[in-house]
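Asks: Next up is a structure, given as structure tokens.
The values are calculated or read from the model by the stated rules, or taken from the named source; none is laboratory data. From a predicted model like this one, the values you see are computed outputs, not experimental measurements. A quick note on method: Cβ atoms are made from the backbone with ideal geometry, for glycine too, and the neighbour counts reach across all protein chains shown.
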Amino acid sequence: MRTQVAIIGAGPAGLLLAHLLHRGGVDAVVLETRSQEYVAARIRAGILESSSVELLESAGLGDRLRREGHEHRGIYLQWPGERHHLDFVDLTGRSVWVYGQTEVQKDLVAAGTAVAFYEVSEVELHDVTADRPYVTFVDAEGVAQRLDAEAIAGCDGSFGPSRHAVPAQTFERVYPYSWLGILADVAPSTDELIYAWHPHGFALHSMRSETVSRLYLQVPNGTDPADWPDDRVWEELATRLGHGQDGWKLTPGPITDKSVLPMRSYVQTPMRHGRVFLAGDAAHIVPPTGAKGLNLAIADVALLSRALIALLVDGDAALAGSYSDDALRRVWRCTHFSWWMTTMLHVGDDPFDAQLQLSQLRWVASSEAGARGLAENYAGLPIGF
Ligand code: FAD
Ligand code: DHB
């Protein structure tokens, strides 16, 4: 089989790249180890920053997002006894949208622009520094296949093979806590997301729609979700989110999904070696606080699609040459922001740190400069920053 770009991984990075390349007149084939249904149903990110929304719209993927997504002007930041609204639109002129990664994934599949092979195995990259690299794999029927290409895009997350094809320096920070995340069939108890600092640990009230809520609790690493029966989850969420404070109430409901997510920061540089280009989680992981993972994958792909179209349609290698440096500027900005949000809001056992966190939260909530710094990063810097 032959194509112009072999894309490994059919997550949001891989499918969006296939879509953007298709619109730019470049052929691509996507290889994915999981089934299409599994990938589409995976509960992950939920917040799109403005530049992601603009990119999806300009790629013809904005209709359902505008109809069914929910635009939020900002977030609430809180600690015991105080809740403050940060209005991103007033502060930066930019907003964010609540629209699940599952929905982005469905829109990409519905666009029908990606030629994809699901349930493949034994994916291997070959001759990555040559002009004609290729990928070998075994298809869903068990037949060994070879895919010849002019470039390979590694969009296969942190467990895929692509990142090992790039000799790189790695940077990592592992955090001493995890998130217990739940999805619940209950209307959100808030109009906008609540990020809460509490002596018991961080809590976040997010949402997916008018009838589905998504909430998270900071828990110790190694936590078994079985130790958190539903009643315990709601009780702890009520405590940390301030049920009863100024008349605010958290309404519990049936929990439909419960999982524990470890948290780490990871960056691999460079993001390109010869004709292999990494995008999304294949090159970097951020802790979820601040909702940057999906947005960063979208931003990488915006740059990579332009670089590959210039290379393969116009024969211009300049953007491909600068792809890694261009992408890493934003990656490090988001890596810093996610680390900063994480360390400001998660509670450890050092009382000195706790006082610094509270002081920082008070400053962010009361100073326009502090609030604008958070808002600029959260609502998202322009693509190409
Ligand atoms: P992925 O979505 O991971 O896609 C990579 C794809 O490659 C997968 O489909 C995988 O099956 C496939 N693959 C792997 N190995 C191979 C192989 N050998 N061959 C072919 N294909 C392969 N971000 C947020 O902003 N907010 C959140 O709340 C949030 N929650 C998350 C919860 C979880 C459990 C996880 C894992 C991530 C979460 N993230 C969150 C991060 C966000 O979902 C990711 O940043 C985003 O999915 C990145 O997209 P991607 O396409 O780069 O990677
Ligand atoms: C969600 C996840 C986040 O990490 C975040 O900062 C905001 C929202 C979510 O899953 O809805």
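Asks: If you go through region 330-338 one residue at a time, do you hit one that is in a helix (DSSP H, G or I), without any contact (Cβ under 8 Å) to a residue 40 or more places away in the chain and touching an Asp or Glu at 6+ places or on another chain (Cβ under 9 Å)? Spell out how you get there, then give the answer.
Replies: The initial filter retains those residues of region 330-338 that are in a helix (DSSP H, G or I), namely 330-338.
After this cut, where a residue has to be without any contact (Cβ under 8 Å) to a residue 40 or more places away in the chain as well, the list is 336.
Subset that is touching an Asp or Glu at 6+ places or on another chain (Cβ under 9 Å): none.
Within region 330-338, none of the residues are in a helix (DSSP H, G or I), without any contact (Cβ under 8 Å) to a residue 40 or more places away in the chain and touching an Asp or Glu at 6+ places or on another chain (Cβ under 9 Å).
Asks: Return yes or no: is GLY62 farther than 21 Å from CYS155 by Cβ, within 16 Å of ligand 1 (Cβ to nearest atom), free of Cβ contacts under 8 Å to residues at least 40 places away in the same chain and more than 15 Å from the chain's Cα centre (by Cα)?
Replies: Values: farther than 21 Å from CYS155 by Cβ: yes; within 16 Å of ligand 1 (Cβ to nearest atom): no; free of Cβ contacts under 8 Å to residues at least 40 places away in the same chain: yes; more than 15 Å from the chain's Cα centre (by Cα): yes.
No.
Asks: How many residues, within region 178-222, are of a type in the set (A, V, I, L, M, F, W, C), within 16 Å of ligand 1 (Cβ to nearest atom) and either more than 16 Å from GLY348 (Cα to Cα) or at pLDDT below 95 (or both)?
Replies: Going through region 178-222 one residue at a time, the tally reaches 10.
Asks: For region 109-127, which positions are under 22 Å from LEU278 (Cα atoms), assigned to a loop (DSSP other than H, G, I, E, B) and either touching a His at 6+ places or on another chain (Cβ under 6 Å) or small (Gly, Ala, Ser) (or both)? Can you show your working first?
Replies: Within region 109-127, the first condition is being under 22 Å from LEU278 (Cα atoms), and the residues that meet it are 109, 113-127.
After this cut, where a residue has to be assigned to a loop (DSSP other than H, G, I, E, B) as well, the list is 113-114, 118-120, 127.
Result: THR113, ALA114.
Asks: Any chance region 314-321 includes a residue that's under 25 Å from ILE43 (Cβ atoms) and either touching a Lys or Arg at 6+ places or on another chain (Cβ under 8 Å) or among the polar types (S, T, N, Q) (or both)?
Replies: Looking only at region 314-321, we keep the residues that are under 25 Å from ILE43 (Cβ atoms), and these are none.
There is no residue in region 314-321 that is under 25 Å from ILE43 (Cβ atoms) and either touching a Lys or Arg at 6+ places or on another chain (Cβ under 8 Å) or among the polar types (S, T, N, Q) (or both).
Asks: Does SER121 fit the bill of being within 13 Å of ligand 1 (Cβ to nearest atom) and buried (at least 22 other Cβ atoms within 10 Å of the Cβ)? So that I can check it myself, show each step before the final result.
Replies: On the way: within 13 Å of ligand 1 (Cβ to nearest atom): yes; buried (at least 22 other Cβ atoms within 10 Å of the Cβ): no.
When the stated conditions are applied, SER121 does not pass them.
Asks: Right, another one. If you check every pair at least six apart or on different chains, which have Cβ atoms under 9 Å apart with a residue in region 14-40 that is in contact (Cβ under 8 Å) with a residue 24 or more places away in the chain and at negative phi first and a residue that is within 12 Å of ligand 1 (Cβ to nearest atom) and basic (Lys, Arg) second?
Replies: Within 9 Å, the pairs are ARG34/ARG42.
Asks: Scan (1) outside any strand (DSSP E or B); (2) over 13 Å from PHE337 (Cα atoms); (3) out of contact with any Gly (no Cβ under 9 Å at 6 or more places or on another chain) for the single condition ALA299 breaks and write down its number.
Replies: All conditions are met except number (3).
Asks: Which of the residues spanning region 137-147 are assigned to a strand (DSSP E or B) and over 28 Å from the mean Cα position of the chain (by Cα)? Before the answer, list the steps.
Replies: Residues of region 137-147 assigned to a strand (DSSP E or B): 137-138, 144-147.
Residues satisfying the conditions are VAL138, ALA144, GLN145, ARG146, LEU147.
Asks: Quick test of your reading of the structure: ILE43 fulfils all but one of (1) without any contact (Cβ under 8 Å) to a residue 24 or more places away in the chain; (2) within 16 Å of ligand 2 (Cβ to nearest atom). Name the failing condition by number.
Replies: (1) is the only condition that ILE43 fails.
Asks: Between residues in region 194-210 that are closer than 16 Å to LEU180 by Cβ and residues that are among the polar types (S, T, N, Q) and away from ligand 1 (no atom under 16 Å from the Cβ), which pairs lie under 6 Å by C-beta distance while being six or more apart or on different chains?
Replies: Note: pairs meeting the criteria are ALA196/GLN78; HIS205/THR190.
Asks: Of the residues ARG306, ARG330, which single one is at pLDDT 95 or above, more than 14 Å from ligand 1 (Cβ to nearest atom) and closer than 21 Å to PRO12 by Cα?
Replies: Details: ARG330 fails: more than 14 Å from ligand 1 (Cβ to nearest atom).
Within the list ARG306, ARG330, the selection yields ARG306.
Asks: Out of curiosity, is ALA317 more than 12 Å from ligand 1 (Cβ to nearest atom), among the aliphatic types (A, V, I, L, M) and surrounded by fewer than 17 Cβ atoms within 10 Å (Cβ to Cβ)? Break it down into steps so the answer makes sense when it comes.
Replies: Numbers: more than 12 Å from ligand 1 (Cβ to nearest atom): yes; among the aliphatic types (A, V, I, L, M): yes; surrounded by fewer than 17 Cβ atoms within 10 Å (Cβ to Cβ): yes.
Against the criterion (more than 12 Å from ligand 1 (Cβ to nearest atom), among the aliphatic types (A, V, I, L, M) and surrounded by fewer than 17 Cβ atoms within 10 Å (Cβ to Cβ)), ALA317 qualifies.
Asks: Follow-up. Using the structure shown, decide if ASP231 is away from ligand 2 (no atom under 16 Å from the Cβ), on the phi > 0 side of the Ramachandran plot and either over 21 Å from the mean Cα position of the chain (by Cα) or assigned to a loop (DSSP other than H, G, I, E, B) (or both). Steps first, please.
Replies: Numbers: away from ligand 2 (no atom under 16 Å from the Cβ): yes; on the phi > 0 side of the Ramachandran plot: no; either over 21 Å from the mean Cα position of the chain (by Cα) or assigned to a loop (DSSP other than H, G, I, E, B) (or both): yes.
Criteria not met by ASP231.
Asks: If you take the residues of region 258-292 that are of a type in the set (A, V, I, L, M), outside any strand (DSSP E or B) and away from ligand 2 (no atom under 14 Å from the Cβ), which of them is surrounded by the fewest Cβ atoms within 10 Å (Cβ to Cβ)?
Replies: Filtering region 258-292 for residues of a type in the set (A, V, I, L, M) gives 260-261, 263, 267, 271, 276, 278-279, 282-283, 285-286, 291.
Now narrow it down to the ones that are outside any strand (DSSP E or B): 271, 279, 282-283, 286, 291.
Subsequent filtering for residues that are away from ligand 2 (no atom under 14 Å from the Cβ) retains 271, 279, 282-283.
Numbers: MET271: 27, ALA279: 34, ALA282: 31, ALA283: 31.
Once the filter is applied, the top-ranked residue is MET271.
Asks: Among the candidates SER52, SER35, single out the residue that is within 30 Å of ASP148 (Cβ to Cβ) and within 14 Å of ligand 1 (Cβ to nearest atom). Write out each step before concluding.
Replies: Values: SER52 fails: within 30 Å of ASP148 (Cβ to Cβ).
The match here is SER35.
Asks: Could I ask something else about it? Provide a single number: the residues in region 69-108 that are assigned to a helix (DSSP H, G or I) and either in contact with a strand residue (DSSP E or B) (Cβ under 9 Å, 6 or more places away or on another chain) or within 15 Å of ligand 2 (Cβ to nearest atom) (or both). First the steps, then the outcome.
Replies: Step one: filter region 69-108 for residues assigned to a helix (DSSP H, G or I), giving 88-92, 101-108.
Those left that are additionally either in contact with a strand residue (DSSP E or B) (Cβ under 9 Å, 6 or more places away or on another chain) or within 15 Å of ligand 2 (Cβ to nearest atom) (or both): 88-91, 101-105.
Of the residues in region 69-108, 9 are assigned to a helix (DSSP H, G or I) and either in contact with a strand residue (DSSP E or B) (Cβ under 9 Å, 6 or more places away or on another chain) or within 15 Å of ligand 2 (Cβ to nearest atom) (or both).
Asks: Could you list, in sequence order, the residues of region 124-145 that are under 15 Å from VAL5 (Cα atoms) and among the β-branched types (Val, Ile, Thr)?
Replies: Within region 124-145, VAL128, THR129, VAL135, THR136 qualify.
Asks: Looking at (1) of a type in the set (D, E, K, R); (2) more than 20 Å from PRO161 (Cβ to Cβ); (3) within 8 Å of ligand 1 (Cβ to nearest atom), can you tell me which one ASP27 breaks?
Replies: (3)
Asks: Hey, does region 226-234 have a residue that's modelled with pLDDT of 95 or more, within 16 Å of ligand 1 (Cβ to nearest atom) and more than 22 Å from LEU381 (Cβ to Cβ)? Even if it seems obvious, please write down each step before you answer.
Replies: Narrowing region 226-234 to residues modelled with pLDDT of 95 or more: 226-234.
Remaining after also requiring within 16 Å of ligand 1 (Cβ to nearest atom): none.
Within region 226-234 (the criterion being modelled with pLDDT of 95 or more, within 16 Å of ligand 1 (Cβ to nearest atom) and more than 22 Å from LEU381 (Cβ to Cβ)), the answer is no, since none of the residues qualifies.
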